Structure formats: C-alpha cells, structure tokens
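Have a look at the structure below before the remarks.
Just so you know, all these numbers are worked out from the coordinates, no wet-lab data involved. Values in this document were obtained by computation on a predicted structure and should not be read as measured data. Note that we place each Cβ from the backbone using ideal geometry, even for glycine, and neighbour counts take in every protein chain shown.
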Amino acid sequence: MKICVYAISKNEEKFVERWVNSMKEADEICVLDTGSTDNTVKKLEELGVNVKTKSIHPWRFDVARNESLQMVPKDTDICVCTDLDEVFEKGWRKKLEEAWTEGATKARYPYYWSLDANDHPKVSFYIEKIHTLNNYVWKHPVHEVITYIGDSEQIITIDDILVKHYPDTQKSRSSYLPLLELSVKEEPNDDRNMHYLGREYMYYKRWNECIDTLIKHLNLKTATWKDERSASMRFIARSYTQLNRYDEARMWLDKAVEETPYLRDPYIERALLEYKLENFEEVYLYCLKALEIKEHTKSYIHEVFSWDETVYDLLSISSYALEKYEESLFYINEALKFNPSSERLCSNKEIIEKKYKSSIEKK
C-alpha cells in the first residue's frame, strides 16, 4: 500500500521534528502551511516534507484541509490526516496495513486528547481521520469532519493504533466562535455544530446564549446521540448555576441523569452543584451513584473531573461534614492516589486524621 500523511500548519516549528519522526513511516508527508512567520516551513523542508504555502482568506479549517488533501499523490491508497501537535505510537504503519480490509474506506482508532504529567490519558476517544483518497472531503468552517460523498462507506476499527495529542496551550482559539456561528448559519439543522456553538457560548460566559442555543440543539430531530444530548443538558445547568438559578440547574441535571444513567458526568455535576450550596448529604449520595459506574464510553464527551480525584475529594469533604470521619479518611486517601502532590488534599488529610483520632478517643 502507498500511505501518505497530510496536515496543515502555522507557526509550529517547535513540533516539527517530533511530528516528522512520528509520521515518517508513511511513504510521503505533505503539509499545507497557511502563513507561518517562524521556521516551520524551513524545518519541514529540511526533513524532506513536501510543503506548499498558501494563505486562506477568509479563514476556514475545511478549506485548508481540502487544500492539503489535494497535495496527496493520486496513486495513494490510504490518507492519514494529523496535526503537528499529534504523535503516533511507533509501528502504526504496519498495524494499519495489517488491519486494513478490502472495501474499507475509513478507519476509527483511539485518540488521547488530553494527557497527565505521566503521559496517561485524561480524555480519550475514537477519531476517524484515516481514509481512502477518493470520495472524501472536509466539511464545516471549524470542528471540521472528513465526510464521505460516495455510495458505500465502510468504517473499520483499529484499537492498536494510538495517537497522542500534545497541544500548544498558548495558541489562540479566538477564531472558533465566529466560525461556529458561521457553521450554524450555513447548516442550521446540523446538530453537532449547534451543540459546539452552545458549548462555545458557555466558554465565553454568555450564559443566556448558551442556554438558548443548546435548547435549540435538543429540539433538532437529528439530535439523537444521548451522550451529546446529556452534555447539552449539563452545560445548560452550568449556565443556570452561574445565573444563580439553582432549581433550574437541578432540573436540567436531573434530565441529564435520565438521558444517560450510564455516564458519571451528570452525577458528578449534580454533586458539584450541591457542594456549592453546602448540601453535603446530596453531595455524598450523588458521588456514590457516580462510583457505581466503572467505565466511560469512548467518545469525546466525558469530563476529566468525572475520572480523576474529584469524586473522592467530594466524598471526603461531605463525609467529614456528615461526621463520617472514618469514611472521610478513606476517601481522602483515595483522592491522594490520583494527586499525591496536592497541598490542599494533604492539608485536608491532616485535618481529617486529627478529627478521626479525636472521635475514637471520645468513644
């Protein structure tokens, strides 16, 4: 098979060498640079990458992706789209060739979107950016997706190909909101982008616009994916919380629980709301319900705080408030397994230990 990696870039010189070393198992690497002012282009060319420079005005991610896809040689069997802040684990090409089946047009594989200090995933899900050359185009101005325009798409899943994401946290994402507004204007019935737009309003603390947009998302006939619907409900609840409208926040979190009783996220968010309001009995109960859920779905919609020390931290605090000191000590130790260097958790443990010892002595 002939395999080609393609990407877009802008001012990413610090990632170039690591990225090329990860991608060099391919037969060819093509990059469309959209206006770097640093040494990105020079470094790519020195490492043998096929680079083309073109400014995209007005800026759209789908236009840039499609321009980069046009650089892929016409005799390519498999196209692999990545970004320069992403890294494949070694041996990915052999695994791809072994897993590819006759008639396959696209592959789904694991993506570690966020990693902790030990390189363990905090957020992971499947992505689908490996595909055949023909009958695919990129769509949407932002949060773009590779879209099949043929007659018989066949998607395979390859669990042993892994991509890790090491983002540039200093890079501005300020263009996302206007591009999402444009995307929804172009396709007002696209449920995915309506959800993203509502979420973006939340990031910008535009609470009422977030609520209105996500209610629109939930009312779309195509908005049937329960995980995403649940997330919209949670984001509506967050916005009502910020507006100090707590009863409405509770109502939407209850809806999220009903929509996805198999996800931790709505239970943890309800616990966080009750913690804010110092309702420790409710905090305790919702955290225990969350712990009954042992695994999360492999989609992008799950919160880091649902799977880190947060649930144990909340349980230790609520147990302490409810005078369950032995439980409180157990839960703070569980929290510290996730984050042993946290000064706050260590300080809480000292307080809990003293209280627990005192309660034993009184008995």
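Between the residues Ser318, Ser152, Gly35, the greatest Cα displacement towards the positive end of the dipole of the chain, with unit charges on the Cβ of Lys, Arg, Asp and Glu, is found for Ser318. The tail of the calculated P(r) for segment 27-176 beyond 25 Å holds 33 percent of all Cα-Cα pairs.
What translational diffusion coefficient, in µm²/s and rounded to a whole number, does the Stokes-Einstein relation yield for segment 119-182 at 37 °C and a viscosity of 0.692 mPa s, taking the hydrodynamic radius as the Kirkwood radius over Cα pairs? Please report the intermediate quantities before stating the final value.
Working: Rh = 14.9 Å.
Estimated via Stokes-Einstein, D reaches 220 µm²/s.
Taking 1 over the mean of 1/r across every pair of different Cα atoms in segment 234-349, what Kirkwood radius in Å do you get? Before the final figure, lay out the partial values.
Numbers: mean 1/r = 0.0691 Å⁻¹.
With all distinct Cα pairs of segment 234-349 included, I get 14.5 Å.
Measuring r between the beta carbons of Ala117 and Lys74 and using R0 = 35 Å, the FRET efficiency lands at 0.20. The charge dipole of segment 80-217, taken about its Cα centre with unit charges on the Cβ of Lys, Arg, Asp and Glu (plus for the first two, minus for the last two), comes to roughly 320 debye.
Rounded to the nearest 20, the Cβ-based charge dipole of segment 262-363 about its Cα centre (Lys and Arg +1, Asp and Glu -1) stands at 240 debye. Applying the Karplus relation 6.51 cos²θ - 1.76 cosθ + 1.60 with θ = phi - 60° to segment 234-241 yields 3J(HN,Hα) values of 5, 5, 4, 4, 4, 5, 5, 4 Hz, where x marks Gly and Pro.
When only the Cβ of Lys, Arg, Asp and Glu is charged (+1, +1, -1, -1), the dipole of the chain relative to its Cα centre reaches about 480 debye.
Which percent, nearest 5, of DSSP beta bridges in the chain are antiparallel? Display every interim value, and only then the final one.
On the way: 17 of 36 bridges.
Close to 45 percent.
Just to compare against my own numbers: the Cα pair-distance distribution for segment 192-275, 5 Å bins, whole % per bin, please. Answer for segment 192-275: a P(r) of 3, 18, 28, 26, 19, 5, 1, 0 percent. Under a 5 Å amide H cut-off, with hydrogens placed 1.01 Å from N, Tyr204 pairs with nothing among residues at least 5 apart or on other chains.
Between the Cα long axis of helix 280-291 and the first principal axis of the chain there is an angle of about 40°, rounded to the nearest 10. Take every Cα pair under 8 Å whose residues are at least 6 apart in sequence, average their separation, divide by the length of segment 187-343, and the relative contact order is 15 percent.
Sequence-ordered 3J(HN,Hα) estimates for segment 18-28 from the Karplus curve with 6.51, -1.76 and 1.60 and θ = phi - 60° stand at 4, 5, 4, 4, 6, 8, 6, 5, 6, 6, 8 Hz, glycine and proline given as x. When segment 1-88 is described by a simple charge dipole with +1 on each Lys and Arg Cβ and -1 on each Asp and Glu Cβ, the residue from Val49, Cys4, Asn66 located farthest towards its positive end is Asn66.
Which value at 222 nm does the chain reach when only helices count, each DSSP H run of 4 or more adding -39,500 (n - 2.57), with the total divided by all residues and rounded to the nearest 500 deg cm²/dmol?
Values: 14 runs with 174 residues, N = 363.
Roughly -15000 deg cm²/dmol at 222 nm, from the helical runs in the chain.
Taking a cut-off of 12 Å, what percent of all Cα-Cα pairs in segment 260-301 are separated by more than that? It works out to 56 percent of all Cα pairs. Before anything else, pin down the relative contact order of segment 1-117: Cα pairs under 8 Å, at least 6 apart, normalised by residue count, whole percent. The normalised contact order for segment 1-117 reaches 35 percent.
Filter the cross-link list Lys255/Lys357; Lys24/Lys337; Lys276/Lys337; Lys221/Lys337 down to pairs whose alpha-carbon distance in this structure exceeds 32 Å.
Lys255/Lys357; Lys24/Lys337; Lys221/Lys337
Summarising the amide proton neighbourhood of Tyr6: residues at separation of 5 or more, or on other chains, whose placed amide H is nearer than 5 Å comprise Cys30, Val80, Cys81, Thr82. The Rg/Rh ratio of the chain, with Rg taken over Cα atoms and Rh as the Kirkwood radius over Cα pairs, comes to 1.03.
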